[in-house]
Each structure stands twice: as C-alpha cells, then as structure tokens.
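Data first, discussion second: the structure below is written as structure tokens.
The values are calculated or read from the model by the stated rules, or taken from the named source; none is laboratory data. None of the values given here were measured: they were computed from a predicted structure. For neighbour counting, all protein chains shown are included, and Cβ atoms are generated from backbone atoms with ideal geometry for every residue, glycine included. Surface accessibility is based on the protein's heavy atoms, side chains included, excluding ligands, DNA and RNA. Shrake-Rupley method; radii C 1.70, N 1.55, O 1.52, S 1.80 Å.
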Protein chains: 2
Amino acid sequence: MIKVSVLYPNTPGSRFDVDYYTSVHMPMSVRLLGSALKDVSVEIGIGSAVLGDPAPFAAIAGFTCESVEAFTAAFMPVADQLQRDIPKYTDIAPIFQISELKEI
Amino acid sequence: MIKVSVLYPNTPGSRFDVDYYTSVHMPMSVRLLGSALKDVSVEIGIGSAVLGDPAPFAAIAGFTCESVEAFTAAFMPVADQLQRDIPKYTDIAPIFQISELKEI
C-alpha cells in the first residue's frame with residue numbers, strides 16, 4: 001500500500017480555513033477519488049515538540065491506495081477540480097509526498 | 001484523538017537506514033509507548049509530485065493517542081532511550097508535529 005501525503009507548511013502570516021478544508025474540500029476529495037481510496041486521514045496541526053511553539057504544518061492529509069498507479073489513475077481526471085479548490089481555504093503551497101506504507 | 005508525527009526531511013547527502021528503522025527502532029517505539037498508543041504508521045518516502053523527484057521526507061512515523069497528555073505521559077519516561085537510538089539509523093534532525101485527527 002502507498003500513501004500520498006499533502007502537507008501544508010505553517011508559514012507565518014499564511015491563511016488556512018480549517019472549517020472549509022474539513023467540511024468541504026476533504027469530503028470532495030474522498031468522493032472524487034472514489035474506490036481507489038482505501039483510507040484517508042486528516043490532521044490539523046496543534047503543536048510542536050516545544051510547548052507553545054506553532055505546529056510545523058497547518059494540516060496534513062493522507063490518501064492510502066493500493067499502488068501509485070491506482071492513485072494516479074483516480075487523481076489525474078479530478079486533479080484540476082481539486083487544485084482549483086485550494087485557494088478557497090489556503091494560500092499555502094502544499095508539499096506532496098508519496099510513501100510506501102510499512103507494517104511493523 | 002491526536003497524532004504525533006515524526007518527519008525526517010530528505011536532505012541531500014543525509015543517511016537513513018530503512019531496515020534498522022522499520023525492524024528495530026519503530027518496533028521498539030511501539031513497545032515502549034505501550035497501551036497509550038492506539039495506532040501507528042510508518043511511511044517510507046518513494047517520490048514527490050514530480051515523477052523522478054526525490055520524496056520530500058525520507059520517512060514519516062505517526063503515533064496516534066487519545067490525547068496529548070496520554071502521549072506525553074507515555075513518552076517522557078522513554079524519551080531518552082528512543083532519542084539515543086536515532087543516530088543508529090539517521091543523521092537527519094526530525095521534525096515533530098502534533099495534530100488533532102479529524103473525522104471526515
């Protein structure tokens with residue numbers, strides 16, 4: 001299994017609308033990716049290693065799929081629609097990470 | 001529920017021993033954190049948004065607990081032991097992120 005993580009660095013002065021992201025954008029992502037999506041996670045940053053310091057990331061979304069090919073096949077047809085939605089909740093340029101999920 | 005993510009930025013020239021991390025360090029982390037740990041994930045970076053580009057992070061570990069307090073109570077007594085193990089698999093300084101997990 002692979003996981004595509006979309007990380008939003010918590011840059012000073014940036015804008016991130018948690019309500020829109022969790023109630024509109026992420027449900028839309030799940031619906032558009034359809035059955036290719038085996039699991040999804042939504043993390044909203046609340047802190048760091050040092051008490052009182054801001055979280056390094058405003059948010060991290062995780063999309064788990066069987067393979068990179070399965071993700072790509074589901075994502076490419078809806079990529080424009082999803083990316084056009086991003087300015088509605090943030091001005092942060094997200095970081096994309098593709099990972100292999102390891103069982104331990 | 002909260003998730004503590006430990007992210008290892010994939011800096012050029014850095015060292016990261018995936019075998020040691022997945023077969024020794026992460027199982028030790030799970031054992032030491034004990035029943036406070038409700039879920040764990042291990043992601044090993046394989047790519048980015050652009051085909052052929054390196055993954056932004058060599059690895060991302062995720063520790064899910066009921067609360068920040070539950071994580072802290074389990075982690076503090078074993079923090080030294082876990083942190084002393086880090087140089088055995090990497091010279092990367094990890095980033096710590098504390099997040100609230102959202103259901104969508």
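Things to note:
- Residue tally, condition free of Cβ contacts under 8 Å to residues at least 60 places away in the same chain and either aliphatic (A, V, I, L, M) or in contact with an Asp or Glu (Cβ under 7 Å, 6 or more places away or on another chain) (or both), over region B:19-41: 9
- Taking the numbered list (1) in a strand (DSSP E or B); (2) farther than 19 Å from B:Ser99 by Cα; (3) among the aliphatic types (A, V, I, L, M); (4) more than 9 Å from chain B (Cβ to nearest Cβ) in turn, A:Ala61 passes all entries but (2).
Residue by residue, here is whether (1) under 23 Å from B:Val50 (Cα atoms); (2) touching a Cys at 6+ places or on another chain (Cβ under 9 Å) holds:
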| position | (1), (2) |
| --- | --- |
| A:Tyr21 | no, no |
| A:Met26 | yes, no |
| A:Ala36 | yes, yes |
| A:Ser41 | yes, no |
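- Residues within region A:85-104 that are within 30 Å of A:Gly13 (Cα to Cα), touching a helix residue (DSSP H, G or I) at 6+ places or on another chain (Cβ under 7 Å) and surrounded by 12 or more Cβ atoms within 10 Å (Cβ to Cβ), tallied: 3
- Selection status of B:Val30, β-branched (Val, Ile, Thr), open to solvent by less than 30 Å² (accessible area, probe 1.4 Å) and at pLDDT 95 or above: no
- Among the residues making up region B:2-47, those that are of a type outside the set (A, V, I, L, M), more than 18 Å from B:Ala73 (Cβ to Cβ) and over 14 Å from the mean Cα position of the chain (by Cα) are B:Thr11, B:Pro12, B:Gly13, B:Ser14, B:Arg15, B:Asp19, B:Gly47.
- Which listed residue, of B:Gly45, B:Gly52, is on the phi > 0 side of the Ramachandran plot and either small (Gly, Ala, Ser) or surrounded by 14 or more Cβ atoms within 10 Å (Cβ to Cβ) (or both): B:Gly52
- Under the condition of being without any contact (Cβ under 8 Å) to a residue 12 or more places away in the chain and either more than 18 Å from B:Lys38 (Cα to Cα) or away from every other protein chain (no Cβ under 11 Å) (or both), the residues counted in region B:64-78 number 3.
- Note on region B:64-84: residues that are assigned to a helix (DSSP H, G or I) and crowded, with 20+ Cβ neighbours inside 10 Å amount to 1.
Yes/no per residue for (1) within 9 Å of B:Phe63 (Cα to Cα); (2) touching a helix residue (DSSP H, G or I) at 6+ places or on another chain (Cβ under 6 Å); (3) away from every other protein chain (no Cβ under 12 Å); (4) not in a strand (DSSP E or B):
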{"position": "B:Val6", "(1), (2), (3), (4)": "yes, no, no, no"}
{"position": "B:Asp19", "(1), (2), (3), (4)": "no, no, no, yes"}
{"position": "B:His25", "(1), (2), (3), (4)": "no, yes, no, yes"}
{"position": "B:Val40", "(1), (2), (3), (4)": "yes, yes, no, no"}
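- Subset of region B:42-58 that is touching a residue at least 40 places away in the same chain (Cβ under 8 Å) and more than 9 Å from every other protein chain (Cβ to nearest Cβ) - its residue that is nearest to B:Ala93 (Cα to Cα): B:Ala58
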